[in-house]
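These notes are about the structure you will find just below.
The values are calculated or read from the model by the stated rules, or taken from the named source; none is laboratory data. None of the values given here were measured: they were computed from a predicted structure. For accessibility, only protein heavy atoms count, side chains too; no ligands or nucleic acids. Shrake-Rupley method; radii C 1.70, N 1.55, O 1.52, S 1.80 Å.
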Amino acid sequence: LDHWVKFDCALVCCGVLNAWILEPFVLKDDEGLGPLMVLRMGRLLRLARTVRLLVKFQVLWMLVRGLLTSAGTMLYTLVMLFIMLYIFGCIGFELITQSPQAKDDEEFAALVEDWFRDLPRIMLTLLQFVCLDSVGAIYRPLIEKSYYLAIYFIGIILVMPIVLMNLVTAVIVNGALEQAESDREAMAVHEEQRKKKMIRELRRIFLNLDEDGSGKVSKDEIQSIGEHDKKILTRLTNISNPVDIFNALDVNELGELDIEHFCSGIWEVAISKVPIEMKRMEIQVNDLHHTLGRALDEQKFFRQEQETFQRQQSKFLEEQAAFRKAQITFREEVRGKLACIYSTLQDCSATCSLPPASPSQASSRASNGHAPASG
């Protein structure tokens, strides 16, 4: 069960015990459990739980909640402080109260009598060290008499007011941060529940407006809105005319709104503190941003395609240059072979006493596949 429920049950039981049993049968005077009933004022702390989700009271809630959650930390701090005071008190009793100087030195004995007479007084004196409350007048004369007591007092100052108190502060701050995180989660859950409830209400209004069952609401249909639904839209958007709401939500000016745009648009207007015209401008800017983003993506894709085409074109030019080079080499080889054939024909003509053939004739004969005439 919740601790608040347990607290209420305890108060109810005390009230029943006081009103029905003790006062009528046991107690003859008016004492009863009246002083105990003062605890009922503690129920006022429950009011702080109702304001934790309100923006104006978040700081107040953090303070109250931090104070309540740090109660356990303060209790454990008290126990730890008592243990530390007892330990250092026992050490101080052995070092200072039982010191031989307390019997020989009158000034030292006077200091012991004032601050370190017995264990309870020593613990009360060390409590001043926790707060650092005018402790110089206590430890300085004692250290001047016995220098080894400096280690004792330095240990007290380091452990209790510095280390212990800072650890307590760190634990309290950590608890406050964790509580703030849980409050944010509770607020998020509350906001999600509120959104679901509002979306259900808006869907009901949308279905009432969608007379033809097309899944979209036109301007003519929203003009025929019922009085109850109109009050709900006015309360959510602070706009009394439903047509103005439709015009603000119809960013693309299509003349129709589907259920998603209708519900999400009114929900965003309801949770924001800006007018619906500013929300319309925000939606238009977001659409423009998305359009520019798509344009930039298309431009980037076009640049990639252009770079790919340029690489293919450069590769084609390289292949074309290689082909031309190979063509030139082939022509030179053909010319060299024709020159060899021509020289061979001249030799054959000279040997056979035939008139020499011209190079052009030899070339034509070689190209037609005729072999030169042999002797």
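Counting 0.36 nm for each residue step from Gln193 to Gln128 and taking away their Cα separation leaves a gain of 18.1 nm.
Couplings for the stretch 79-93, taken from phi via the Karplus curve 6.51 cos²θ - 1.76 cosθ + 1.60 with θ = phi - 60°, read 5, 5, 5, 5, 5, 5, 5, 5, 5, 5, x, 5, 5, x, 5 Hz in order; Gly and Pro are left as x. Annotation: per residue accessible area for the stretch 123-166 equals 53 Å², rounded to a whole number [probe 1.4 Å, protein chains only]. Per residue, the accessible area of the stretch 177-241 comes to 67 Å² when a 1.4 Å probe rolls over the protein heavy atoms. Share of carbon and sulfur in the accessible area of the stretch 101-212 stands at 59%, probe radius 1.4 Å.
With a 1.4 Å probe rolled over the protein heavy atoms of all chains, the accessible area of Cys263, Cys352 falls in the order Cys352, Cys263, largest first. Over the stretch 281-341, accessible surface divided per residue gives 95 Å², non-protein components excluded, 1.4 Å probe. Taking all protein chains together and a 1.4 Å probe, the residues Glu178, Glu191 rank Glu178, Glu191 from largest to smallest accessible area. In this structure Asp133 has an accessible area near 80 Å², from a 1.4 Å probe over the protein heavy atoms.
A probe of 1.4 angstrom, applied to the heavy atoms of all protein chains, finds Lys325 with accessible area near 150 square angstrom.
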